[in-house]
Amino acid sequence: MLVTTTTIAQNKDYLLSLDGIGSLKLGMPLLELEKVLKTRITLKVIDVDSVVLVETINAKYKGIDVEISLWKRQDYIAVDGISASSPLCKTKSGIGIGSTKLQIIAAYDGYHIDAKPVFEYEGDNKPKRIKTKSTVTVKEAEEGYAIIFNLVNNKVVSFDILPIYDDEE
Amino acid sequence: MKKICLFFLIVAASCTAAQKKDHIISMNGLGALKLGMSQEEVEKLLNEKILLPNSLDTINDNYQDTAKLKYKNIDVQLEFNRNYYAPNVFRMRLIGIKANSPLCKTASGIGVGTDMLKIIAAYDSLHVKIQPGYAYYYETEEGEGKSTVSILDDAASTMDYFSDAYTMVFFLMNKKVISFELKAKLKDERD
């Protein structure tokens, strides 16, 4: 019973969704983030340089490495993006590291899905497809929170969770 | 007798192949109907004059126009855009083809009735967008069972303004294609 409860709690901690991983949520204020990560966060750029409003930090969340983007809003600093590559993180339907493009598409029926190759730009500025790399972006609506799955050789290797608005894509 | 039958067989096979070629869907057109063609070229191909009232409208500045026509016995809706190739000199060019005939198929057999996953598998290396509802230029028509699958070529995917960019759009009902649209964003001929 204890083992099952612990397993369920762990799974909930790593549950990947459009608004975060477990209790790590987009839009979460810095103070709340520190409570969840159980650590004090020292900012090196925001509030140090008055012009810069964004900063990325590396942290540990429940034993996994995460990269968190912070954004200074009008009167508080909040989480604006979460990136990770831990195989522990999975969506409710089991999508995570190692999943394929078709599995993602099947799991997110009715969502906005954007599956595209990754391009590199050569000397003449002409885009060239990188054959092995692609991304699959999943959103509930045209704009809003999204999960971007990064794939290499058609398998998810990492993911980013962030808000996407029309002029940002 | 055998030779006559063989001859007719060869003629019939050639006609069928020619018909199929007429209805082949590709990123840049439908058979001989190619995106980027001028109004005059399309008129020559369809053997009829096309009336585009918006193109003459200099008050409302409407740059686009549509015409419903017949191409090789199938109904098509063609969209034209005003394209300047010199200061104050323009021609209407074909930038959109819409149809729903089951005769039209891509080289790999994608067409009306095809399942969504087959489309995605056929265009695995290209940019694929899946959206609920029927996504048009300025609006999305929502509804139960409706979805849109768009295939973008590299220029469309990267919004490369220095190349012609093509998008193939499939409109689906309950995951099966019911119609398609071929779209082009043509580079400015003045560049």
Check: Can you name every residue in the range A:96-108 that is facing chain B (nearest Cβ under 9 Å) and assigned to a loop (DSSP other than H, G, I, E, B)?
Finding: A:Y108
Next item on the list: Go through (1) surrounded by fewer than 18 Cβ atoms within 10 Å (Cβ to Cβ); (2) in contact (Cβ under 8 Å) with a residue 24 or more places away in the chain one by one and return the number of the condition B:Y137 breaks.
Entry: (2)
Margin query: Could you list, ordered by first residue, the pairs with Cβ atoms under 6 Å in which the first is in the range A:18-33 and more than 12 Å from A:A146 (Cα to Cα) and the second is assigned to a loop (DSSP other than H, G, I, E, B), at least 6 apart or interchain?
Written below: A:I21/A:C89; A:G22/A:Y14; A:K25/A:D19; A:P29/A:Y76
Check: Restricted to the range B:101-129, and to residues that are within 11 Å of another protein chain (Cβ to nearest Cβ) and in a strand (DSSP E or B), which residue is surrounded by the most Cβ atoms within 10 Å (Cβ to Cβ)?
Finding: B:V128
Next item on the list: Among the numbered conditions (1) loosely packed, with under 15 Cβ neighbours inside 10 Å; (2) out of contact with any Asp or Glu (no Cβ under 9 Å at 6 or more places or on another chain), tell me where A:S158 comes up short.
Entry: (1)
Next item on the list: Go through A:K72, A:K139, A:K126, A:K116 for me and flag whichever is closer than 21 Å to B:L126 by Cα and either β-branched (V, I, T) or modelled with pLDDT under 95 (or both).
Entry: A:K126
Next item on the list: Name every residue in the range B:133-163 that is over 23 Å from B:T106 (Cα atoms), modelled with pLDDT of 90 or more and facing another protein chain (nearest Cβ under 9 Å), in order of residue number.
Entry: B:T140, B:T158
Next item on the list: Could you tell me whether B:K44 is under 17 Å from B:R93 (Cβ atoms), surrounded by 14 or more Cβ atoms within 10 Å (Cβ to Cβ) and modelled with pLDDT of 95 or more?
Entry: no
Next item on the list: Filter the range A:127-147 down to residues that are more than 23 Å from A:I95 (Cβ to Cβ) and surrounded by 15 or more Cβ atoms within 10 Å (Cβ to Cβ) and give me whichever is farthest from the chain's Cα centre (by Cα).
Entry: A:P127
Next item on the list: Please find, among B:Y123, B:Y161, the residue that is more than 20 Å from B:S26 (Cα to Cα) and out of contact with any His (no Cβ under 9 Å at 6 or more places or on another chain).
Entry: B:Y161
Next item on the list: Please find, within the range B:84-100, the residue that is modelled with the lowest pLDDT out of those that are of a type outside the set (A, V, I, L, M, F, W, C) and surrounded by 19 or more Cβ atoms within 10 Å (Cβ to Cβ).
Entry: B:R93
Notebook entry, point to check: Among the residues of the range A:114-126, is there at least one that is more than 8 Å from every other protein chain (Cβ to nearest Cβ), within 16 Å of the chain's Cα centre (by Cα) and small (G, A, S)?
Noted result: no
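Answer yes or no: is there a residue in the range A:10-18 that is in a strand (DSSP E or B), under 16 Å from the mean Cα position of the chain (by Cα) and of a type in the set (D, E, K, R). Don't jump to the end; show me each part of the working.
Step one: list which residues in the range A:10-18 are in a strand (DSSP E or B), which gives A:15-17.
Now narrow it down to the ones that are under 16 Å from the mean Cα position of the chain (by Cα): A:15-17.
Restricting the remaining residues to those that are of a type in the set (D, E, K, R) gives none.
Within the range A:10-18, not a single residue is in a strand (DSSP E or B), under 16 Å from the mean Cα position of the chain (by Cα) and of a type in the set (D, E, K, R).
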Notebook entry, point to check: Any idea how many residues of the range A:131-161 are in a strand (DSSP E or B) and either more than 11 Å from every other protein chain (Cβ to nearest Cβ) or among the polar types (S, T, N, Q) (or both)?
Noted result: 21
Notebook entry, point to check: Among (1) surrounded by fewer than 19 Cβ atoms within 10 Å (Cβ to Cβ); (2) aromatic (F, W, Y); (3) in contact (Cβ under 8 Å) with a residue 12 or more places away in the chain, which single condition is A:F119 missing?
Noted result: (3)
Notebook entry, point to check: Is there any pair linking a residue in the range A:63-74 that is on the phi < 0 side of the Ramachandran plot and exposed (fewer than 15 other Cβ atoms within 10 Å of the Cβ) to one that is of a type in the set (S, T, N, Q) and not in a strand (DSSP E or B), with Cβ under 8 Å and at least six apart or on different chains, and which?
Noted result: A:D65/A:S85; A:D65/A:S86
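Quick grid of which residues meet (1) in the same structural domain as A:K139 (by TED's automatic domain parsing); (2) closer than 16 Å to A:Y145 by Cβ; (3) in contact with a Ser or Thr (Cβ under 7 Å, 6 or more places away or on another chain); (4) in a strand (DSSP E or B):
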{"residue": "A:V36", "(1), (2), (3), (4)": "no, no, yes, no"}
{"residue": "A:T39", "(1), (2), (3), (4)": "no, no, no, no"}
{"residue": "A:K44", "(1), (2), (3), (4)": "no, no, no, no"}
{"residue": "A:E55", "(1), (2), (3), (4)": "no, no, no, yes"}
{"residue": "A:N58", "(1), (2), (3), (4)": "no, no, no, yes"}
{"residue": "A:S69", "(1), (2), (3), (4)": "no, yes, yes, yes"}
{"residue": "A:D80", "(1), (2), (3), (4)": "no, yes, yes, yes"}
{"residue": "A:K92", "(1), (2), (3), (4)": "no, yes, no, no"}
Next item on the list: State all residues of the range B:49-81 that are under 11 Å from B:Q39 (Cβ atoms), modelled with pLDDT of 85 or more and surrounded by 12 or more Cβ atoms within 10 Å (Cβ to Cβ); if no residue qualifies, say none.
Entry: B:I50, B:L52, B:D65, B:A67, B:L78, B:F80, B:N81
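The values are calculated or read from the model by the stated rules, or taken from the named source; none is laboratory data. Treat the numbers as computed from the prediction; the structure is a model and nothing was measured. So basically every Cβ, Gly included, is an ideal-geometry build from the backbone, and we count neighbours across all protein chains shown.
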